[in-house]
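J.: Following this message is one structure expressed as structure tokens.
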């Protein structure tokens, strides 16, 4: 039986992949993923069997990967960002179940919290929370409760999936919850198309973020009460005492 | 004026660095960092001027890097894990202040939440919080409040710096706070020496984690109420609905 690797390819720029991710893709026979991500890497890995599945076809994608593995192929399932953070790694393990015959490995990648933060400065320099605003798989009440707790704990927050054409008001509703605890002038930032064409960042206040238009290629960052703008960058100090 | 790059080198294994981190180090004249991390990469970058500073000498390290930069050198400051998450990126920006003459760039890396998770399975497959238990720069009351809120929000939690010889009881105290909201049999795991000699993982319950000995090379993971052990791995499902 061959090995099934779940590989985080980072934000999109080839150079943001780890050496291990590149080696793993080079060593694989088949590469399975969402069409958009397959397109991002296809040119770098000639001679591979690429299997693109549509968005939201996550379970189908994982079953295909496991089937190819059982057929003796060395398979890599690619995820944007990291393989585990809102990625396919958990689903592959769930679908494999207790079948130890399929060997699974997880190859980490730069998740948007890390790659977007690098563009904005250092917004996640202290304790932080990562919350997805997509209610596709999670009831909105759970998301709301998480936001409430993150704000109550004065966490820096990275917001994934802050909007789409179907969920135009998710970011506004999220910011309204955060504003119950955080000041309206809390330093915030957004990063769009990280590592891809059209990459852009913008700093703003939490009140401004509430009214910001966000799409599915945006990651939003909310500072904690100590986050400041220094030299045009969003900076959360590593601690509350002088160093 | 040259460029000053703050580079996350990942957990320790050379292969877990991004291509961009490798290129940045190759293009630099001087590499500044904590002795232990300099030792991890020194052999890979012959001909560089290495400047090792002691632990806790973070501000000194950053001032040295900025001074070398002003002297015309291409400088890289290395951080274990990511450059921003509890890293040097924020401090470099703080010390640079509004002096736009020094160009700073941040090159992200795999932080222990991501690299440790990959070893354990997929513990951070849904919303998560990252909390450092080090009270060196943060009052313990702030840490306590964050833990309380993370548990109240049913976040998965990655605990950084869970212990050292000076803070033997930090992990126990943290778990006691988490146990106010989370079940004693909540799935937990620890990863030690990620990407280095002696790498090891262990799964356990939250009650067991409370009594676990942890050192500064350990990262601990606490699941949310949906986290399960599947095929020997710690898995947090991506959502609460069937996929």
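J.: Out of all the residues in the stretch B:101-111, is one or more surrounded by 15 or more Cβ atoms within 10 Å (Cβ to Cβ), closer than 19 Å to residue B:137 by Cα and not assigned by TED's automatic domain parsing to the domain that holds residue B:192?
T.: No - not one qualifying residue is present in the stretch B:101-111.
J.: Does residue B:67 qualify as being under 30 Å from residue A:136 (Cβ atoms) and either over 16 Å from the mean Cα position of the chain (by Cα) or surrounded by 17 or more Cβ atoms within 10 Å (Cβ to Cβ) (or both)?
T.: no
J.: How many residues are surrounded by fewer than 24 Cβ atoms within 10 Å (Cβ to Cβ), touching a helix residue (DSSP H, G or I) at 6+ places or on another chain (Cβ under 9 Å) and in a strand (DSSP E or B) when one looks only at the stretch A:219-232?
T.: Qualifying residue count for the region: 2.
J.: Evaluate the following for residue B:49: is it in contact with a strand residue (DSSP E or B) (Cβ under 8 Å, 6 or more places away or on another chain), surrounded by fewer than 15 Cβ atoms within 10 Å (Cβ to Cβ) and in contact (Cβ under 8 Å) with a residue 24 or more places away in the chain?
T.: yes
J.: In addition: Within the stretch A:12-33, track down each residue that is more than 8 Å from chain B (Cβ to nearest Cβ) and at pLDDT 95 or above. Break it down stepwise before answering.
T.: Quick first cut of the stretch A:12-33, residues more than 8 Å from chain B (Cβ to nearest Cβ) only: A:12, A:21, A:24-33.
A:21, A:24, A:25, A:26, A:27, A:28, A:29, A:30, A:31, A:32, A:33, listed by residue number.
One line per residue, one yes/no per condition, for (1) more than 22 Å from residue A:114 (Cα to Cα); (2) part of a loop (DSSP other than H, G, I, E, B):
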position	(1), (2)
A:158	no, no
A:162	no, yes
A:171	no, no
A:175	no, no
A:182	yes, yes
A:191	no, no
A:195	no, yes
A:204	no, no
A:207	yes, no
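J.: Give just the number: which of (1) surrounded by fewer than 24 Cβ atoms within 10 Å (Cβ to Cβ); (2) free of Cβ contacts under 8 Å to residues at least 24 places away in the same chain does residue B:146 not satisfy?
T.: Checking residue B:146 against (1) surrounded by fewer than 24 Cβ atoms within 10 Å (Cβ to Cβ); (2) free of Cβ contacts under 8 Å to residues at least 24 places away in the same chain, the one that fails is (1).
J.: Something else now. Which one of A:164, A:225 is at pLDDT 95 or above and assigned by TED's automatic domain parsing to the domain that holds residue A:124? Explain how you work it out, then say what you get.
T.: Values: A:164 fails: at pLDDT 95 or above.
Step by step, each of A:164, A:225 is checked, and only A:225 is at pLDDT 95 or above and assigned by TED's automatic domain parsing to the domain that holds residue A:124.
J.: Quick one: residue B:40 ticks every box in (1) on the phi > 0 side of the Ramachandran plot; (2) not in a loop (DSSP other than H, G, I, E, B) except a single one, so which number is it?
T.: (1)
J.: Still on this model: What is the number of the single condition among (1) over 30 Å from residue A:58 (Cα atoms); (2) away from every other protein chain (no Cβ under 14 Å) that residue B:205 does not meet?
T.: Single failed check for residue B:205: (1).
J.: Still on this model: Report yes if residue B:157 is touching a helix residue (DSSP H, G or I) at 6+ places or on another chain (Cβ under 8 Å), in contact (Cβ under 8 Å) with a residue 12 or more places away in the chain and not assigned by TED's automatic domain parsing to the domain that holds residue B:217, otherwise no. Reasoning before the result, please.
T.: Numbers: touching a helix residue (DSSP H, G or I) at 6+ places or on another chain (Cβ under 8 Å): yes; in contact (Cβ under 8 Å) with a residue 12 or more places away in the chain: yes; not assigned by TED's automatic domain parsing to the domain that holds residue B:217: no.
Against the criterion (touching a helix residue (DSSP H, G or I) at 6+ places or on another chain (Cβ under 8 Å), in contact (Cβ under 8 Å) with a residue 12 or more places away in the chain and not assigned by TED's automatic domain parsing to the domain that holds residue B:217), residue B:157 does not qualify.
J.: Could you please find all residues in the stretch B:177-214 being under 22 Å from residue A:155 (Cα atoms) and surrounded by fewer than 14 Cβ atoms within 10 Å (Cβ to Cβ)?
T.: Matches in the stretch B:177-214: B:180 only.
The values are calculated or read from the model by the stated rules, or taken from the named source; none is laboratory data. Fair warning: this is a prediction, and the values are worked out from it, not measured in the lab. Cβ coordinates were reconstructed from backbone atoms using ideal geometry, including for glycine residues, and neighbour counts include every protein chain displayed.
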